[in-house]
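Input: a single structure, listed below in structure tokens.
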Amino acid sequence: NGKATVVVDDLPAGDYDVTVIYSGDDKYSPIVKTSKASVKVDPRIDASDLTVQHTAVKYYSVTVYGDDGKVASGVQVTFYLKGKIIATTKTDANGIAKFKITQTPLSNAKIKTVALGKSVTKKLTVKRVVSIKSITVKRTSKKIVLKATLAKVNGKYLVGKKITFKFNGKTFKAVKTKSKGIATLTITPKNYKSVFNKLSKTKKGKTITYSATYSKDTVKKTTKIK
């Protein structure tokens, strides 16, 4: 039907000049025609799983590519966590969109990123920074020692940070961490008589709770009275 076709594979996204040359024959003169052709691709979002310690300054970032295969600047990006919008921003000149992680500890939560009609879902884990150990408590105890340790953040111990302890319903004045990020609270009848009065009236085998809080990170443990 007077048609000629050529297939060109693996063209990167972009705009191209197409030139068609007809050499002519006995009935038709030679002719040269030019036109434009555009190769489009699906927009895409490059993202990855992220694990970060709570309280560490950290950002979640993605890179957005447009239908020309190049990074897309000035594009609106929406981030969802547990099905709710947690940030809306625009990509910079490098196609990067990011937001500051402020979430409390969570494990393998799904973070969804939406831009240019596309979406991608990855895992976001915010690890606890504070930890406490199990303790043994007796009704006749004369001293209770509570310790909390802050994990290293950016390779450094957190020294001079305030830890708030709560024991059996009683909240104590914050204690600062010392070397290696450890905070220690010693409870005695001399300084907290009411705590031991309450303890002496508690039945053996009853479970009580104690906790340590740093920033918005609270860790709890339970123990049975002996």
Practice item. Once you have a ≥ b ≥ c as the square roots of the Cα gyration tensor eigenvalues for region 108-187, tell me rounded if a/c is under 1.5, and otherwise prolate or oblate according to whether a/b is larger than b/c. Key: prolate
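Can you give me the accessible area per residue for region 8-151, using a 1.4 Å probe, in Å²?
Values: 9310 Å² over 144 residues.
Roughly 65 Å² per residue, with all protein chains present.
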Point to revise | Area accessible to solvent at Ser23, 1.4 Å probe radius, in Å² | key: 100 Å²
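Defining a contact as two alpha carbons under 8 Å apart and six or more residues distant in sequence, what relative contact order in percent does the chain show? Don't skip to the end; give the middle numbers.
On the way: 487 pairs, mean separation 33.4, N = 226.
Here the relative contact order equals 15 percent.
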Point to revise | Once the Cα gyration tensor of region 147-206 is diagonalised, semi-axes √(5λ) in Å | key: 29, 12, 8
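Roughly what percent of Cα-Cα pairs across region 1-89 reach past 23 Å? It would help to have the intermediate numbers written out before the result.
On the way: 2129 of 3916 pairs.
Counting every Cα pair in region 1-89, those more than 23 Å apart make up 54 percent.
Rank Lys161, Lys40 by accessible area, highest first, at a 1.4 Å probe radius? Mind dumping the intermediate values first?
Details: Lys161 80, Lys40 130 Å².
From most exposed to least exposed: Lys40, Lys161.
Please report, as a whole percent, how much of the solvent-accessible surface of the chain comes from carbon and sulfur atoms (probe radius 1.4 Å). Working shown, then result.
Numbers: 7290 of 15110 Å².
Answer for the chain: carbon and sulfur cover 48 percent of the accessible area.
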**Study point:** Normalised alpha carbon radius of gyration of region 97-146 [divisor 2.2 N^0.38 Å]
**Key:** 2.10
Revision key, fill the gap. Cα extents of the chain per principal axis, largest first, Å, are 116, 33, 23
Study note, to complete from the structure: Taking max minus min of the Cα coordinates of region 36-130 on each principal axis, largest first, gives extents in Å of 61, 22, 18
Check your understanding: If only Cα atoms are counted, what is the Rg of region 72-206, and what is its Dmax, in Å?
Key -> 22.6, 68
Review point. In this model, which of Lys58/Lys122; Lys90/Lys127; Lys166/Lys226; Lys143/Lys201; Lys84/Lys162; Lys152/Lys216 are farther than 21 Å apart at the alpha-carbon?
Key: Lys90/Lys127; Lys84/Lys162
Practice item. Count the DSSP beta bridges whose two residues both fall in the chain, then state the antiparallel fraction as a percent rounded to the nearest 5. Key: 95 percent
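The values are calculated or read from the model by the stated rules, or taken from the named source; none is laboratory data. Remember, it's a predicted structure, so these values are computed and weren't measured experimentally. The protein model used for the area step is the full one, side chains on, heavy atoms only, and it has no ligands, DNA or RNA in it. Shrake-Rupley method; radii C 1.70, N 1.55, O 1.52, S 1.80 Å.
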